[in-house]
C-alpha cells in the first residue's frame, strides 16, 4: 500500500517542486539588474504599486519577457515530449525534423516580404505545418517512427534553412536586422500579439497533449499490441502532430528557433518521472525553467552585452546532443 501511495504522490510532488523552482526563477528575473530595485519593490511593482519607474520597468520590460520565456519554454518542451514519444526516438524534436526551420522561414518571410499586422504568428504556424507535412509525407513508409522520419525531417529543415538565408541575403539591411531575432532565438522586445497567440495555443493544446499522452504511452509497444489494447493509432498520430505543429509554430513566432529546449526538457522530465508515463506537464515546467534560466544568464552574465537565449541554449545543449548521439543505439530510443 505504501508503494502505491508513493507512486501516485510522486508526480504531484515533482510538479510542486518544479513550480517552486519556476517561482524562484521568476523572482530572480524580476529583481536582478543594476536598477537598484529590491525583491519586495519588484513584486509590488507587478501589481502596480511603487514609484512610476519601478512599475514601468517591471510591467513593460521585465514581466512580458518573463511571460514569453515561460510560455515558449513550455510549448517547446511539450511539443518535444510528444514528438519524441510518437517517434520512439529522443532525437525526434521539432528542431531536428525541420519544424523550427519551416516556421522560421515563414516568419522571416512575413518580415521581408509581407510585413502586415499579426502575419508572423500565422505564417510561422503555416511554415511548421508545411515542414511537418513534407517530413511525414516523404517518410510514408515508416509513418512518424524510425530514423527515416528523422532523416527526412533533417532534409526538409535544411531546405527551409537555406530559404531563410536566401531571403535574408536578398533583402535590405533594415529588414534583415528586424528578422535577425527569429534566426537565432531571442526574447528581447517580443511583440505582444505573439505572446497572446502562444498563450491561447497552450490553453487549447495542453489538454489535448495530456489526452494523447495516454495513447502514446500504449504506442510505445508495437502497433499490433497498441491496437489490441484499444489505442487508435491513426487518430493519435494526427492529433499529436497537430498539437506539435501548433505549439512549435507559435513558439517560433514568439522566440525564434530554440530547439534544444525540446530536446533537453523532456529528457530531464523523464529522469524525474516513472518509466511508464509520458511526462507532458513535467516537461512543460522543466522547459519553462530552462528557458527562463537561459534568458536570465544571457541578459546579465555578459553585461553590458546581451546574448540571445538561443545562443545560450545552443552552447549548453550542443554537448548534450553529442552525448545522446554517442550513446548506444538502444539507449537513444524510447
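Nothing in this text is a laboratory measurement; each read-out follows from the coordinates by a stated rule. Since the model is a prediction, treat every value here as computed from it, not as a measurement. Note that each Cβ is placed from the backbone with ideal geometry, even for glycine, and that neighbours are counted across all protein chains shown.
Quick look at the values:
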item	result
Most mobile of 82, 63, 20 in a GNM of the chain (Cα contacts under 10 Å)	20
Most mobile listed residue (95, 217, 165) in the chain, GNM with C-alpha springs under 10 Å	165
Choice from 268, 49, 255 with maximal GNM fluctuation in the chain (Cα, 10 Å cutoff)	49
Cβ crowding within 10 Å averaged over residues, with 147-154, 69-76 ranked highest first	69-76, 147-154
Projected-area mean, the stretch 60-218, by convex hull of Cα positions, square nanometres	9.6
Relative contact order for the chain, counting Cα pairs under 8 Å that sit 6 or more residues apart, in percent	28
Förster-model FRET efficiency, 51 Å R0, residue 188 and residue 217, C-beta, rounded to 0.05	0.85
Per residue, the convex hull volume that the Cα atoms of the chain enclose (Å³)	147
Cα-based convex hull, the stretch 43-97, per residue volume (Å³, whole number)	74
